[in-house]
Amino acid sequence: MTLAIDGGTPVRTDPWPSWPPPMDDAQRALVTAVLDSGQWGATQGGKACSDLVAAFARRSGVEHGVAVGNATLGLFAALRGLGVGPGDEVIVPAYTFVATATAVLLAGATPVIADVDATDLHLSAPAVAAALTPRTAALVPVHLAGSPADMDPLNAIAARHGLAVVEDAAQAHGATYRDRPVGGLGDAGVYSFQSSKAMTAGEGGLVVCRAGEVHEAVWSVCNVGRTLDGAWYGHPRVGWNLRLTEIQAALLLPWLDRLDDEIDRRNAFAAAVARDLPPEWASVVPQPPGTTRDSRHLLMLRVHVPFDRAFLLAAMAAEGVPLDGGYPPLGTMPALAEAGARTEPCPAAEAAARDVLWVRQAMLMDDPAGAAHVVEALTKVLASRPGPGSG
Ligand SMILES: *Cc1c(COP(=O)(O)O)cnc(C)c1O
């Protein structure tokens, strides 16, 4: 079969769903109401941000939350609110978005890049144990691709060594671990509403937490150092304005009512790919132990035969089934090393950067025909060419 990149017929010519989906009626009504109210900022008395925070805290199984401008700032505020700062080391996984590490730098602390599990690609508890030093202050497990990190062993290490745990839930709105929602599994959890995420207002973020004193501290960091019941010009802490707007919250609040249907849709797509992909060619990256609901932000595929990465990505795009090459390991980024990040040995993240490709969220919103296109195009392209080094 001639590949589309060589002039053959593409597997798919229909467009994939766009992301974000068009605004629905409930969003339009609430955004319009907020715009008409003139209360566009969260300090003016409007309720969209506070309702969003309450809904996310409830869904995360905790009491408190703070809405912020984006998840990078949310991770920063959570770390700072938990007392992490200069002189501290914070362990982050090697296979994640760069912001997990740059948020640590923003807090003045040192990111320590530890390897991920070779199978599920989430932060590895043995790698964390090996990376501990007397200066380790916190862990930032990432609920990668929408599946929860295996939190029990990570929380056990944290408890043994008195470490704070900040969950990076930027990709995992609605996911659960051992039937408990992400966000409420550590000391604080951070969601993102950036354009690519499962719920978006263009930009945005939200920190959830269980303890009242953590809430007070994180809220203060995000509200120019004020206290919850203190004076407007009272600033007992150092803080910044990191707030979300009411308009953004109005886009997000109605989304919670359809989030679970969208997650189901993505899981149906993923299940069809997992069922039909020939295992000798490629397979779906398995979820960590304890996953009870995967929010399927991304579908990660591991290729089991030798292949030329640049060619495969170009050939898949030509077939009308574009895949994403995924993350370079954080330890390979010179900017992080120059900023003082320390990198542990990360063979599993390096293997993932070679062998793992992603189907992006927008495509996962398609119907099962889309899953068949992924399987057909990938097997067509893999079967067509010898891998690197084989001539
Ligand atoms: C998107 C993302 C972030 C950063 O979120 P922003 O809202 O863009 O700041 C952090 N961590 C992970 C894992 C992400 O995917």
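Here are the numbers:
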quantity: Any hit, region 101-116, residues being surrounded by 24 or more Cβ atoms within 10 Å (Cβ to Cβ) and either in the same structural domain as A353 (by TED's automatic domain parsing) or within 10 Å of the ligand (Cβ to nearest atom) (or both); calculated: yes
quantity: Residue in region 73-92 that is farthest from the ligand (Cβ to nearest atom), counting only those that are surrounded by fewer than 22 Cβ atoms within 10 Å (Cβ to Cβ) and either assigned to a helix (DSSP H, G or I) or not charged (D, E, K, R) (or both); calculated: G87
quantity: Of the criteria (1) under 20 Å from D294 (Cβ atoms); (2) small (G, A, S); (3) touching a strand residue (DSSP E or B) at 6+ places or on another chain (Cβ under 6 Å), which one G184 fails; calculated: (3)
quantity: Residue that is farthest from the ligand (Cβ to nearest atom) [pool: residues in region 143-154 that are more than 16 Å from D179 (Cα to Cα) and out of contact with any Pro (no Cβ under 8 Å at 6 or more places or on another chain)]; calculated: P153
quantity: V62 surrounded by 20 or more Cβ atoms within 10 Å (Cβ to Cβ), in a loop (DSSP other than H, G, I, E, B) and not assigned by TED's automatic domain parsing to the domain that holds V218; calculated: no
quantity: Count of region 178-209 residues which are crowded, with 19+ Cβ neighbours inside 10 Å and away from the ligand (no atom under 16 Å from the Cβ); calculated: 4
quantity: Condition met for A172 (within 11 Å of the ligand (Cβ to nearest atom) and part of a loop (DSSP other than H, G, I, E, B)); calculated: yes
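The values are calculated or read from the model by the stated rules, or taken from the named source; none is laboratory data. Just so it is clear, the model here is predicted, and its values are computed rather than measured. Positions of Cβ are generated from backbone atoms using ideal geometry, with glycine treated the same way; all protein chains shown enter the neighbour counts.
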